[in-house]
Amino acid sequence: MKQPDDNRIYWIDAVRSLACLCVLTVHAYVPGGTNGARLVGGINYFAVAGASVLFFMISGALVLYKPKPFFPFIKQRLLRVALPMAIWTIIALVIGCCTGMMPWKELPGKIALIPFAPQYGTFWFIYVVFGIYLVAPILSLWLNKCSRNELRAILAIGALALAVPYLNLIDEGIAPVVSISKGWLYYFNGYLWLAVMGYYLRRYVNITRLQWWHVAFTLLLVIWPVSHFLFKVPAVMFQDRLAINVVLLTCVYFIVIKNIKLGNRMKLIVYNFAQHTFGIYLVHKLIMSFVVLPLMPESFEMHYAIVYPLMISLEVVVCYTIVHLLSKLPYSKYFIGL
């Protein structure tokens, strides 16, 4: 068995593992089930914060932490991220043609458009993160020279942009619910800001002692969904990826996991799972549709509190097993991104 490596950042493996589990939770389709709409909505609130948002922060924590030469970095990302995504996009499109979901005549055009726009909905994340990769060699140079206060100012402006939609709670119509349609704040916030936040949390934020305000802040985020029912806050405002409360909850995940001391056994567990997270992301929708769902009855007349965890657990086990087997094949890094 592989021994823990003191130079490896195991807490990032743990954060990546949580993010992967949250992606599987968000995308889980549960057939049947009863009396659980609010339960699923509550679970999704916490899972959304740990899914793509957390992955953007991980990307920033890794690729922005040290300056990198542009061409070697982009070449590596093309081979380890873009190429596997393109391969699985083609596989998904061909399966769509074989199952009658898409006519064969559309296949060549969609394949030609893969470098420019997602042709398989789940992979939108790769296009966004690759845009971050393109600017990362430039941005990382500034981040490693700027002062902590300068970086805090940048993050504060971004947080303000994410919070503007909450003006609707004062007077409807002040700002669109999800984002500001125009203005300098609109052009400032977004997924790149999340990557910079990941860099900041890795470099500057550590919890050496639990204080009362840590607990108070976390509880505030935990009970926030209650406001949806008590004050009729629109669901999109507290479940959108760029809602300020979702971003803050993601920061809690990141900071808490970063400061957990992992034992050697747990290091090995999160390392082995984290090695397969990108591959799981690439294949999970196909596995869900063609492997996991056929194992579940169409009408499962049980409470969602039972059905939902069962479905997610089955999805995790099957996805991990298939990706682990694929990793044994020659050149596997080029199609599952090891």
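What follows is calculated from the coordinates using simple rules that are stated; it is not laboratory data. Keep in mind it's a predicted model, so treat the numbers as computed, not measured.
List, in the order given, every pair from Lys68/Lys145; Lys75/Lys285; Lys145/Lys258 whose Cα-Cα distance in the structure shown is over 19 Å.
Working: Lys68/Lys145 14 Å; Lys75/Lys285 27 Å; Lys145/Lys258 24 Å.
From Lys68/Lys145; Lys75/Lys285; Lys145/Lys258, over 19 Å: Lys75/Lys285; Lys145/Lys258.
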Fill in the blank from the handout: Non-local residues with an amide H under 5 Å from the amide H of His303, with H modelled 1.01 Å from N and Pro and chain starts lacking one, are Thr34
